[in-house]
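Student: The structure follows.
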């Protein structure tokens, strides 16, 4: 069996990293002496690809193949970029595959994020390859339906509302889907994806490799960033995009430093690359400076620490994100021997907990009094953002009463989750808590476990490391991947069937109860 992996690009990012990890995982379970050919197809951008990967692979031969039509593009009428032309892409893919000797009888096509809308030709081109008899594994990492309206609009423009199901979520006996987590698996299953052709493929979690010593890392932290070796260093190792909920890090710095006998410095490693996210990030940096908060930014950027130095120097790892796909942050910290604190995302972490991971130190919500926010202000913000979001998806707006009902459901005894608020409302809360000791006391009272610190002990760290190595190691992931590929290649070839229901998928995500204003 040959394997052709398809993605838009191989620039730095989560999917590029997953593809490399998949190859290492598959290599780990490949029988000795049995070589397998793998072709990785992208638009030719490879700045995120590890070119020493080939040296680490013992039983796979990997060739990078350029397919220009895989580049990001736009649909007809969007006003710029590449016009959608699935027929041309399908023809180019056929030619490239034939040139590599990859025929339908011998080759599995593993396509990543075909439905995300980054190139609206991609799903319809894959549909044509399925009609040629190529067995497909369509792995969904992110959904255009999950608060990515611009991507969704491109898909709609390219295939029309009535054709979205057939063009994107097409089915056939030899077309399989893969999901990263239980939530996505359930969404696809409920939409009508055949259960025997739907696979659970969580990402591999490779070991971090050789780490610097703790004294070396703490010394570098003091030397480069001026953080005392006696202070707690709480690390948030992400880029500061909106859904990472940067304002919550600032609020936590107030809670963690309420008792200055044990000062804590909270740090975010990287600035966003997306220009649209920079104004929000820059404002959080300015506010932290104005309020003299114990927060640092870009500690992994120029002049800062390396990724592994940051991890080892940290006393614990923080997450405040309100949305994740796979949720690597919930696993990687433990492998570095560091406890994880902060915000839980049950729809992402349920699989980890089922595997035995102890995430009891995380909180599901960070409560603030609704009176501090102003119910009318929250209602107006949700209505404005929601109305715009629904319009982008061309879905009828449910009305102001539906928003009011959603706010009632998301409030608990006069308190609301800080993560539900937009930056303007979050800044109001942070300023109030910083300037008013009684407000800080009230916030601590609403979040007693958080205020107490809820430290994670050494045995919990060690137990979580064992769970990750048993369930998400390269070996375990390789076994899952190999069995999935075997199921795909052995599928009977057949005509296209009833597609999954794209409307069902949209309804599962576009729900006021899932609204976080920093995602809209």
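Student: Quick test of your reading of the structure: residue 394 fulfils all but one of (1) modelled with pLDDT under 95; (2) surrounded by 14 or more Cβ atoms within 10 Å (Cβ to Cβ). Name the failing condition by number.
Tutor: (2)
Student: If the requirement is being in a loop (DSSP other than H, G, I, E, B), surrounded by fewer than 23 Cβ atoms within 10 Å (Cβ to Cβ) and either touching a strand residue (DSSP E or B) at 6+ places or on another chain (Cβ under 6 Å) or modelled with pLDDT of 95 or more (or both), which of these qualifies: 206, 202, 212?
Tutor: 202
Student: Do you know which residues across segment 121-158 are farther than 22 Å from residue 107 by Cα, free of Cβ contacts under 8 Å to residues at least 40 places away in the same chain and surrounded by fewer than 24 Cβ atoms within 10 Å (Cβ to Cβ)?
Tutor: 148, 151
Student: Right, next: Restricting segment 227-242 to residues that are touching a strand residue (DSSP E or B) at 6+ places or on another chain (Cβ under 9 Å) and assigned to a loop (DSSP other than H, G, I, E, B), which is surrounded by the fewest Cβ atoms within 10 Å (Cβ to Cβ)? Break it down into steps so the answer makes sense when it comes.
Tutor: Initially, segment 227-242 is screened for residues touching a strand residue (DSSP E or B) at 6+ places or on another chain (Cβ under 9 Å), giving 227-228, 231-240.
Filter once more, keeping what is assigned to a loop (DSSP other than H, G, I, E, B): 227-228, 231, 240.
Numbers: 227: 21, 228: 12, 231: 17, 240: 23.
Checked segment 227-242; the qualifying residue surrounded by the fewest Cβ atoms within 10 Å (Cβ to Cβ) is 228.
Student: Only one of (1) in contact with a strand residue (DSSP E or B) (Cβ under 6 Å, 6 or more places away or on another chain); (2) without any contact (Cβ under 8 Å) to a residue 40 or more places away in the chain; (3) closer than 28 Å to residue 180 by Cα; (4) crowded, with 23+ Cβ neighbours inside 10 Å is not met by residue 249, so which one is it?
Tutor: (2)
Rundown of residues vs (1) over 20 Å from residue 373 (Cα atoms); (2) outside any helix (DSSP H, G or I); (3) touching a helix residue (DSSP H, G or I) at 6+ places or on another chain (Cβ under 7 Å), yes/no style:
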| position | (1), (2), (3) |
| --- | --- |
| 430 | no, no, yes |
| 475 | yes, no, yes |
| 483 | yes, no, no |
| 488 | yes, no, no |
| 508 | yes, no, yes |
| 518 | no, no, yes |
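Student: Keeping to segment 152-190, report how many residues are at negative phi and not in a helix (DSSP H, G or I).
Tutor: 13
Student: Ok, one more. I'm trying to understand the selection: among the residues of segment 101-151, which are part of a loop (DSSP other than H, G, I, E, B), closer than 17 Å to residue 499 by Cβ and touching a strand residue (DSSP E or B) at 6+ places or on another chain (Cβ under 7 Å)?
Tutor: 114, 115, listed by residue number.
Student: Name every residue in segment 254-266 that is over 10 Å from residue 430 (Cα atoms) and in a helix (DSSP H, G or I), in order of residue number. Before you say what the answer is, go through the steps one by one.
Tutor: Taking segment 254-266 and keeping what is over 10 Å from residue 430 (Cα atoms), we get 255-266.
Answer for segment 254-266, where residues must be over 10 Å from residue 430 (Cα atoms) and in a helix (DSSP H, G or I): 255, 256.
Student: Cβ-Cβ under 8 Å, sequence separation 6+ or interchain: first residue in segment 77-91 and within 16 Å of residue 156 (Cα to Cα), partner in a loop (DSSP other than H, G, I, E, B) and at pLDDT below 50. Which pairs?
Tutor: 83/75; 83/76; 84/75; 84/76
Student: Would you mind telling me which numbered condition in (1) modelled with pLDDT under 95; (2) over 30 Å from residue 286 (Cβ atoms); (3) crowded, with 18+ Cβ neighbours inside 10 Å residue 386 fails?
Tutor: If we test residue 386 against (1) modelled with pLDDT under 95; (2) over 30 Å from residue 286 (Cβ atoms); (3) crowded, with 18+ Cβ neighbours inside 10 Å, just (2) comes out false.
Student: Within segment 355-364, is there a residue that is in contact with a helix residue (DSSP H, G or I) (Cβ under 8 Å, 6 or more places away or on another chain) and assigned to a helix (DSSP H, G or I)?
Tutor: Scanning segment 355-364, I find at least one residue that is in contact with a helix residue (DSSP H, G or I) (Cβ under 8 Å, 6 or more places away or on another chain) and assigned to a helix (DSSP H, G or I), so the answer is yes.
Student: Same structure again: Which is on the phi < 0 side of the Ramachandran plot, out of contact with any helix residue (DSSP H, G or I) (no Cβ under 7 Å at 6 or more places or on another chain) and without any contact (Cβ under 8 Å) to a residue 12 or more places away in the chain, of 267, 219, 195?
Tutor: Going through 267, 219, 195 in turn, the sole match is 219.
Student: Of (1) surrounded by 18 or more Cβ atoms within 10 Å (Cβ to Cβ); (2) free of Cβ contacts under 8 Å to residues at least 60 places away in the same chain; (3) out of contact with any strand residue (DSSP E or B) (no Cβ under 7 Å at 6 or more places or on another chain), residue 325 satisfies all except one. Which?
Tutor: (2)
Student: Only one residue in 346, 339, 279, 275 is surrounded by fewer than 19 Cβ atoms within 10 Å (Cβ to Cβ) and under 30 Å from residue 185 (Cβ atoms). Which one?
Tutor: The conditions single out 346.
Student: Same structure again: Considering each residue of segment 26-58, count those that are under 30 Å from residue 272 (Cβ atoms) and assigned to a helix (DSSP H, G or I), and give that number.
Tutor: At the first step, the residues of segment 26-58 found to be under 30 Å from residue 272 (Cβ atoms) are 40-53.
Adding the requirement that they be assigned to a helix (DSSP H, G or I) leaves 53.
The qualifying residues number 1.
Student: Given the criterion over 30 Å from residue 440 (Cβ atoms), surrounded by 14 or more Cβ atoms within 10 Å (Cβ to Cβ) and under 25 Å from the mean Cα position of the chain (by Cα), identify the matching residue among 353, 403. Quick ask: steps written out before the conclusion?
Tutor: On the way: 403 fails: under 25 Å from the mean Cα position of the chain (by Cα).
Within the list 353, 403, the selection yields 353.
Student: While we're on this one: If you go through segment 283-341 one residue at a time, how many are at pLDDT below 95, part of a loop (DSSP other than H, G, I, E, B) and under 22 Å from residue 519 (Cα atoms)?
Tutor: Final tally of qualifying residues: 6.
The values are calculated or read from the model by the stated rules, or taken from the named source; none is laboratory data. Bear in mind that the values here come from a model prediction, so they are computed numbers and not experimental data. A quick note on method: Cβ atoms are made from the backbone with ideal geometry, for glycine too, and the neighbour counts reach across all protein chains shown.
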